[in-house]
1. What is the gain in length, in nm to one decimal, between ARG232 and SER58 on full extension, counting 0.36 nm per residue of separation less the C-alpha to C-alpha distance?
2. Compare ASP11, ASP334 by solvent-accessible area with a 1.4 Å probe and give them largest first, with all protein chains kept in place.
3. Provide the per residue accessible area, probe 1.4 Å, for the stretch 24-162, rounded to a whole number of square angstrom.
4. Could you work out the equivalent-ellipsoid semi-axes for the stretch 1-158, taking the square root of 5 times each eigenvalue of the Cα gyration tensor, largest first, in whole Å?
5. At a 1.4 Å probe radius, which order do VAL223, VAL406 fall into by accessible area, largest first?
6. Could you please tell me the mean projected area of the C-alpha convex hull for the stretch 218-257, averaged over all directions and given in square nanometres to one decimal?
7. Between GLU251 and ASP98, what length in nm is gained on full extension when 0.36 nm per residue of separation is reduced by their alpha carbon distance?
8. Using a Förster radius of 35 Å, what is the FRET efficiency between GLU267 and HIS71 based on their Cβ-Cβ separation? Nearest 0.05, please.
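The values are calculated or read from the model by the stated rules, or taken from the named source; none is laboratory data. Every value quoted in this text rests on a predicted model; they were computed, and no experiment measured them. No Cβ is skipped: glycine too gets one built from the backbone with ideal geometry, and neighbour counts run over all protein chains shown. Protein only, heavy atoms only, side chains kept; ligands, DNA and RNA dropped before computing areas. Shrake-Rupley method; radii C 1.70, N 1.55, O 1.52, S 1.80 Å.
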Amino acid sequence: MTALLQHPGYDEEKLRRVAEQLPCREVQAGLLLSLMGEPQQYSYPSIFIYGHRASGKSHVLHVLLKELELHHATVSCVECVSVALLFEQVLLSFFGCDAASLLPRSPSLSDFVRIYRQQRSQSPAKQTRYLVMEKAELLRDSDANLLPALLRLQELVEDNVTVILLSEIVWDKFRPNTGCFEPLLLHFPDYSKGELQQILSQDRHPSYSAEFYSSYINILLGVFYSVCRDLRELRHLAALNFSKFCEPLEEGKVKETDTHKLWRNIEPHLKKAMQTVYLREVSSLQWEQMQLMEEKEAGALRGLSAHTHVELPFYSKFLLIAAYLASYNPARTDKRFFLKHHGKIRKTNFLKKNEKTSNHLLGPKPFPLDRLLAIFYSVVDSRVAPTASIFSQISSLVTLQLLTQVSHDDQLDAPKYKCAVSLDFICAISRTVNFDIVKYLYDFL
């Protein structure tokens, strides 16, 4: 591991510490170290590092700069909402608060270069200064001359300074139409499954063996790797669900080697967690409390996940039921289900050739607003006036993504919707209002 980071300009002990902190990123660290060169030498003016989120770009760079004790300034383009803040942050990090105070109220690029040159002449660099720009893709929205100037900052200020841009998008999306100085490109690929296994296994709990925690990470990656490659998200999920994985072990029901029983215990909890990957709708403590509550309660909504379990007003539940019936029942069957004294109408009498396939397999179909309201007034127990409250609840269901508006926003006279919930969800909602929805579904006649 250390052999990949050998460099004549740096102490071997420091390089060994760097290598220990960068598992599975030794190749990229070695390439970056080669591009940076020895501290006293002039480095390349600008380096562009790109890769997906949580691929180790910032971590590798910051470990190198910190452990090798290189003079650097880190600027977040998210925090520096204006050019003035960016210039102030750079001068403050390199030369101190006195230099930053020399900037005028609305500094231009020439003001920044002039003050930088003055400070550089007073305190010349003994080694390369590194300016790290995080979230560099935001520079594309700033002044047109800022990005080209940063790429050739070494030439403008006549100093041994290297600008390192960190971004999640490729350089082709940055390149200005007028042309600019081309930086050196360094790509950080995504972690493979084996690399994620190796990195996450290092976070093992001290109370358990390394083999036990490694088997847990293997199970976790088997569930989540197909939908999530983000190291930070996977690390969060591993910490969140580990206590549930250890429950049978703490109760003395299984041994550490009984992987099959441990998997059967954790499987339903991992499937619930998969529905909220990246969302972070609740904190870790709230998630654990919700898991405990679900184990204790035996209500009608027990089968629903934390993401789909929502509390709705009384009439909103009937609106959602009406929307589901309108999406999955053919329009010509409304008379059969919702009209009194409709007579006996058998399914075979109005079954068309193209309706032999189940509507639930074909998916929800769009329906107009007037059909939704007609079904709603038929299924609701009491008489309800068509007030603004009812229409606002329809908008709330769209906002909650339980309904989807398929017509254009400017189509105000007859908007169309589709129901976006599953059969299990609508059955659970129906049970809370004592409505047997299966009796009104055409597919279950």
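1. In short, 61.3 nm is gained.
2. On the way: ASP11 85, ASP334 30 Å².
Ranked from most to least accessible, the order is ASP11, ASP334.
3. Working: 6300 Å² over 139 residues.
It amounts to 45 Å² per residue over the stretch 24-162.
4. Calculated on Cα positions only, the semi-axes equal 29, 18, 13 Å.
5. Most to least solvent-accessible, the answer reads VAL406, VAL223.
6. Mean orientational projected area (the stretch 218-257, Cα hull): 3.1 nm².
7. 48.8 nm
8. Numbers: r = 51 Å, r/R0 = 1.47.
For R0 = 35 Å, the calculated efficiency reads 0.10.
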